[in-house]
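The values are calculated or read from the model by the stated rules, or taken from the named source; none is laboratory data. Here the structure is a predicted model, which is why all the values come from computation and not from measurement. Neighbour counts are summed over all protein chains in view; Cβ atoms, including those assigned to glycine, are modelled from backbone coordinates with ideal geometry. Note: areas computed on protein heavy atoms with side chains; ligands, DNA, RNA excluded. Shrake-Rupley method; radii C 1.70, N 1.55, O 1.52, S 1.80 Å.
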Amino acid sequence: MNNQVISNRYQQIRLAALAQTQRDTEQFEPDFIGHIDLTEINEDALCSQDRWEMPLNRQIGWDWRRVRNQYRRDHIARLELAVWYDNELCGLMIGKASDGKLVVKISYIQGGQAENPLKGFIVPIASRCAELFAVAVEADWIGIQDPIDDEDLLNYYRELGFNERDPFDPRNNALFKRVTIVED
């Protein structure tokens with residue numbers, strides 16, 4: 001297969017994962033119906049993120065435009081997620097499948113303004129999207145790469161099922177979760 005065919009295949013997988021994640025989220029939280037929208041990280045998302053006012057204790061320090069462009073250039077099997085509530089950007093995530101398709105890693109994730117309508121939902125939404133992408137590429141694991149060393153945040157990740165160290169490289173700073181999709 002040529003690169004364009006492969007690129008188109010992954011684009012279809014990304015869009016299908018976004019659409020299914022949105023349906024799942026609306027089913028789990030009916031109040032979100034008609035309000036939530038999951039997209040790739042487009043220009044609107046980057047411009048909205050530039051306007052986020054972050055408290056000093058929430059400054060992460062990466063440039064989303066640079067990260068997005070780098071992932072688009074270097075990782076054909078990437079996953080992008082912008083989480084919107086009405087016209088407000090509430091979170092961003094980008095990740096990729098490992099070269100051997102063993103794991104889909106959430107490489108970067110950030111919630112929006114300190115107060116936003118989806119506070120507390122960004123990581124579960126991103127996790128579900130990564131799980132669906134992983135199933136589509138036949139990966140058995142999802143992971144959060146280099147989680148911030150904050151005990152409350154690490155406990156939150158563990159509550160969401162990210163409670164295993166990297167099973168492939170014990171030196172890697174990541175929390176992993178085995179992918180389990182319940183069939184209807």
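Key figures for this structure:
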| read-out | value |
| --- | --- |
| Cα-based Lys pair tally, segment 3-178, threshold under 17 Å, eight or more apart or on separate chains | 4 |
| Under the Karplus curve 6.51 cos²θ - 1.76 cosθ + 1.60, θ = phi - 60°, whole-Hz ³J(HN,Hα) for segment 106-116, x wherever Gly or Pro sits | 7, 8, 9, 8, 8, x, x, 3, 3, 10, 8 |
| Gaussian network model of the chain, Cα within-10 Å springs - most flexible of Leu38, Leu118, Leu160 | Leu160 |
| Selected from Trp52, Trp64, Trp84 as most flexible by GNM, with the chain as the system and alpha-carbon contacts under 10 Å | Trp52 |
| Fraction of beta bridges assigned by DSSP in the chain that are antiparallel (%, nearest 5) | 85 percent |
| For segment 3-178: relative contact order, % (alpha-carbon pairs under 8 angstrom, 6 or more apart) | 18 percent |
| Per-residue ³J(HN,Hα) for segment 154-162, Karplus 6.51 cos²θ - 1.76 cosθ + 1.60, θ = phi - 60°, Hz, x for Gly and Pro | 4, 5, 4, 4, 5, 4, 8, x, 7 |
| Exposure of Phe28 as accessible area (Å², to 10), given a probe of 1.4 Å and all protein chains | 150 Å² |
| Accessible-area composition of segment 13-129, carbon plus sulfur, in percent [1.4 Å probe] | 48 percent |
| Local electrostatic count, Gln145, Cβ distance below 14 Å [Lys/Arg +1, Asp/Glu -1] | +1 |
